[in-house]
Amino acid sequence: MLLEIRDLHVSVGETDILKGLNLTVNPGEVHAIMGPNGSGKSTLANVIAGRPEFTVVRGEVSYQGRDLMALLPEERAREGVFMAFQYPAELAGVRTWQFLKASVDAVRKHRGMKELSIREFDRLLDEKRRMVRIDADMVKRSVNEGYSGGEKKRNEVLQMAMLDPTLAVLDETDSGLDIDALRIVADGVNSFRSPSKAIVMVTHYQRILGYVSPDRVHVLLDGRIVRSGGRELALELEEKGYDWVRAEAA
């Protein structure tokens with residue numbers, strides 16, 4: 001298995017958010033995490049990424065057989081854990097291509113590979129930015145500065161494509177996208193899929209799951225996964241909402 005979470009309890013300050021979450025993700029799989037606001041979806045994503053404001057009270061998170069919680073966020077990134085944020089940050093003064101070059105070189109160095117030459121990097125960047133339909137001029141601008149919401153989300157998928165992680169955690173990458181941007185983002189995610197990689201997608205709605213077909217759908221309520229199934233579960237949630245799942249879990 002690639003990612004295994006057992007009895008995970010997480011708090012922020014005095015507030016308990018995750019209350020015994022269990023999840024197993026194997027290579028080649030796409031898992032969708034769904035649930036109402038406040039259920040703990042983004043908390044789960046942030047804990048995997050290593051955000052320090054989230055306190056793991058107890059439980060285990062194993063990544064490729066290693067204790068993920070023992071690794072700093074930057075170490076997780078170098079080991080192949082990627083997170084696309086719900087609200088991507090702006091980095092004023094840091095050009096997108098410079099950010100990507102430094103990130104790609106850091107990952108390659110960690111893997112025992114040589115840094116890409118400028119020519120090699122430019123070829124790779126041109127290939128990946130065309131995939132998510134990002135203009136060449138955009139990568140010359142500061143990271144996410146002046147980007148629209150859809151451009152920010154496409155830039156997150158560009159980063160994923162450039163870094164080539166083993167585990168991609170996408171925190172509501174589909175939120176705020178119109179139908180054209182949604183298709184572009186979904187195409188980028190589908191291009192990333194492979195038998196050796198895995199994706200955990202946090203989403204409110206099933207619409208992106210019409211383009212990125214998940215292997216498993218999980219419903220998160222009150223800090224625990226209370227129901228799992230195939231893509232048909234997402235369609236049922238879209239039709240009925242969460243009350244019926246909440247009633248079953250009570």
Read through the list (1) under 15 Å from the mean Cα position of the chain (by Cα); (2) among the small types (G, A, S); (3) within 15 Å of M201 (Cβ to Cβ), then give the number of the only condition that G35 fails.
(1)
Selection from segment 195-237 of residues surrounded by 15 or more Cβ atoms within 10 Å (Cβ to Cβ) and of a type in the set (D, E) yields D215, D222, E236
Which of the numbered conditions does A168 fail, given that it passes all the others? Conditions: (1) at pLDDT below 90; (2) among the small types (G, A, S); (3) touching a strand residue (DSSP E or B) at 6+ places or on another chain (Cβ under 9 Å).
(1)
Enumeration of residues in segment 177-193 that are under 16 Å from P88 (Cβ atoms) and touching a strand residue (DSSP E or B) at 6+ places or on another chain (Cβ under 8 Å):
V189
Residue count for segment 56-76, restricted to those that are without any contact (Cβ under 8 Å) to a residue 12 or more places away in the chain, under 17 Å from M1 (Cβ atoms) and outside any strand (DSSP E or B)
1
Residue set I134, I179; condition modelled with pLDDT under 95, surrounded by fewer than 20 Cβ atoms within 10 Å (Cβ to Cβ) and β-branched (V, I, T); output residue I179
Residue under evaluation K153, criteria (1) of a type outside the set (F, W, Y); (2) over 17 Å from F192 (Cα atoms); (3) surrounded by 14 or more Cβ atoms within 10 Å (Cβ to Cβ); (4) in contact with a Gly (Cβ under 8 Å, 6 or more places away or on another chain), criterion not met:
(2)
Taking segment 224-250 on its own, how many of its residues are more than 15 Å from T203 (Cβ to Cβ), in contact with a His (Cβ under 8 Å, 6 or more places away or on another chain) and either part of a loop (DSSP other than H, G, I, E, B) or in contact (Cβ under 8 Å) with a residue 40 or more places away in the chain (or both)?
0
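Of the residues V104, V61, only one is among the hydrophobic types (A, V, I, L, M, F, W, C), under 20 Å from the mean Cα position of the chain (by Cα) and under 22 Å from R154 (Cα atoms); which?
Values: V61 fails: under 22 Å from R154 (Cα atoms).
Among V104, V61, only V104 is among the hydrophobic types (A, V, I, L, M, F, W, C), under 20 Å from the mean Cα position of the chain (by Cα) and under 22 Å from R154 (Cα atoms).
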Among residues belonging to segment 37-78 that are hydroxyl-bearing (S, T, Y) and more than 18 Å from I225 (Cα to Cα), point out the one that is modelled with the lowest pLDDT.
T55
Just one of the numbered conditions (1) crowded, with 18+ Cβ neighbours inside 10 Å; (2) polar (S, T, N, Q); (3) at pLDDT 95 or above is not true of Q98; which one?
(1)
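Which of the residues that make up segment 1-55 are assigned to a strand (DSSP E or B) and among the hydroxyl-bearing types (S, T, Y)?
Scanning segment 1-55 gives S11, T15, T24, T55.
Could you check segment 190-209 and list, in sequence order, the residues that are part of a helix (DSSP H, G or I) and either over 23 Å from R129 (Cα atoms) or in contact (Cβ under 8 Å) with a residue 60 or more places away in the chain (or both)?
Within segment 190-209, S191, R207, L209 meet the criteria.
Name every residue in segment 5-21 that is among the acidic types (D, E) and in contact with a Gly (Cβ under 9 Å, 6 or more places away or on another chain), in order of residue number.
Initial filter on segment 5-21 (among the acidic types (D, E)): 7, 14, 16.
Listed by number, the residues that qualify are D7, D16.
Could you tell me which of the residues E172, E156 is touching a residue at least 24 places away in the same chain (Cβ under 8 Å), over 20 Å from H110 (Cβ atoms) and in contact with a Pro (Cβ under 6 Å, 6 or more places away or on another chain)? Don't jump to the end; show me each part of the working.
Values: E172 fails: in contact with a Pro (Cβ under 6 Å, 6 or more places away or on another chain).
After ruling out the rest, the residue left standing is E156.
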Output the residues belonging to segment 67-95 that are more than 17 Å from the chain's Cα centre (by Cα) and surrounded by fewer than 16 Cβ atoms within 10 Å (Cβ to Cβ).
D67, A70, L72, E90, L91, A92, G93, V94, R95
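The values are calculated or read from the model by the stated rules, or taken from the named source; none is laboratory data. Keep in mind it's a predicted model, so treat the numbers as computed, not measured. As a convention, Cβ positions derive from the backbone with ideal geometry for all residues, glycine included, and neighbour counts pool all protein chains shown.
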